[in-house]
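Visitor: Right, I'll just put the structure down here and ask away after.
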Amino acid sequence: MTVHVVRLGTPRARGEGLRIGTVRRPPRGVPKREYASRDFYDVWLPELAPPAPLVKEGMSADERTWQRFAKRYRAEMKRPEAAHLLALLAALSHHADFSVGCYCENEARCHRSILSELLAEHGAGMACNRRP
């Protein structure tokens, strides 16, 4: 059983399981009843998304700004609410396949790359076949 890291809105991979959207906002112009059928997410978990001001900073990130973004996002994820969710998802990964994701095209400059690291640090079983 593993956690897959995905780009929301892309076709689902075989064995990906339940898709969790770790984004601040739902997809624009998509009716709520279509989130899952259009491959965005089955469950929305905005508590694991960076705060809106931090998202803006990370989107225009050069290497130095990206490192600052990563440090601040990691600090946010140490807050008790987020830390509990990370621990929960890490534990669940040993019993079920599921995926976490964001809309960003470039995973290397997206909070989901850091989220993946955080889940692994919490002991989650992580899938090796990550997609952008």
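Visitor: Find the residue count for the range 84-112, including only residues that are farther than 19 Å from residue 17 by Cα, touching a strand residue (DSSP E or B) at 6+ places or on another chain (Cβ under 8 Å) and surrounded by 13 or more Cβ atoms within 10 Å (Cβ to Cβ).
Guide: Of the residues in the range 84-112, the ones farther than 19 Å from residue 17 by Cα are 84, 104-111.
Restricting the remaining residues to those that are touching a strand residue (DSSP E or B) at 6+ places or on another chain (Cβ under 8 Å) gives 104-105, 107, 110-111.
Now restrict to residues that are surrounded by 13 or more Cβ atoms within 10 Å (Cβ to Cβ): 104, 107, 110-111.
Final tally of qualifying residues: 4.
Visitor: Using beta carbons and a limit of 9 Å, which pairs, at least six apart or on different chains, have the first residue in the range 90-119 and under 19 Å from residue 42 (Cα atoms) and hydrophobic (A, V, I, L, M, F, W, C) and the second one assigned to a helix (DSSP H, G or I) and open to solvent by 60 Å² or more (accessible area, probe 1.4 Å)?
Guide: Note: pairs meeting the criteria are 90/121; 98/92; 104/59.
Visitor: Within the range 13-22, how many residues are touching a residue at least 40 places away in the same chain (Cβ under 8 Å), at negative phi and open to solvent by 10 Å² or more (accessible area, probe 1.4 Å)? Full working, then the answer.
Guide: Going through the range 13-22, the residues touching a residue at least 40 places away in the same chain (Cβ under 8 Å) turn out to be 13, 15-22.
Subsequent filtering for residues that are at negative phi retains 13, 16, 18-22.
Still in the running and open to solvent by 10 Å² or more (accessible area, probe 1.4 Å): 13, 18, 20.
Residues in the range 13-22 being touching a residue at least 40 places away in the same chain (Cβ under 8 Å), at negative phi and open to solvent by 10 Å² or more (accessible area, probe 1.4 Å): 3 in total.
Visitor: Also, quick follow-up: Which of the residues spanning the range 48-78 are touching a residue at least 24 places away in the same chain (Cβ under 8 Å), of a type in the set (D, E, K, R) and farther than 17 Å from residue 5 by Cβ?
Guide: 76
Visitor: Return the pair list, or none, for Cβ contacts closer than 7 Å from residues in the range 36-47 that are open to solvent by 90 Å² or more (accessible area, probe 1.4 Å) to residues that are in a helix (DSSP H, G or I), at least 6 apart or on different chains.
Guide: As it stands, the answer is 47/81; 47/82; 47/85, since those pairs meet every condition given.
Visitor: With respect to residue 30, determine if the residue is in a loop (DSSP other than H, G, I, E, B), surrounded by 11 or more Cβ atoms within 10 Å (Cβ to Cβ) and β-branched (Val, Ile, Thr).
Guide: yes
Visitor: Determine whether residue 81 is in contact (Cβ under 8 Å) with a residue 24 or more places away in the chain and open to solvent by 20 Å² or more (accessible area, probe 1.4 Å).
Guide: yes
Visitor: May I pose another question? Does residue 74 satisfy being open to solvent by 80 Å² or more (accessible area, probe 1.4 Å) and of a type in the set (Lys, Arg)?
Guide: Working: open to solvent by 80 Å² or more (accessible area, probe 1.4 Å): no; of a type in the set (Lys, Arg): yes.
Here the answer is no, as residue 74 does not meet what is asked.
The values are calculated or read from the model by the stated rules, or taken from the named source; none is laboratory data. Small disclaimer: the values here were computed from a predicted structure and weren't measured. Glycine gets a Cβ as well: all are built from the backbone with ideal geometry, and neighbour counts include every protein chain shown. Note: areas computed on protein heavy atoms with side chains; ligands, DNA, RNA excluded. Shrake-Rupley method; radii C 1.70, N 1.55, O 1.52, S 1.80 Å.
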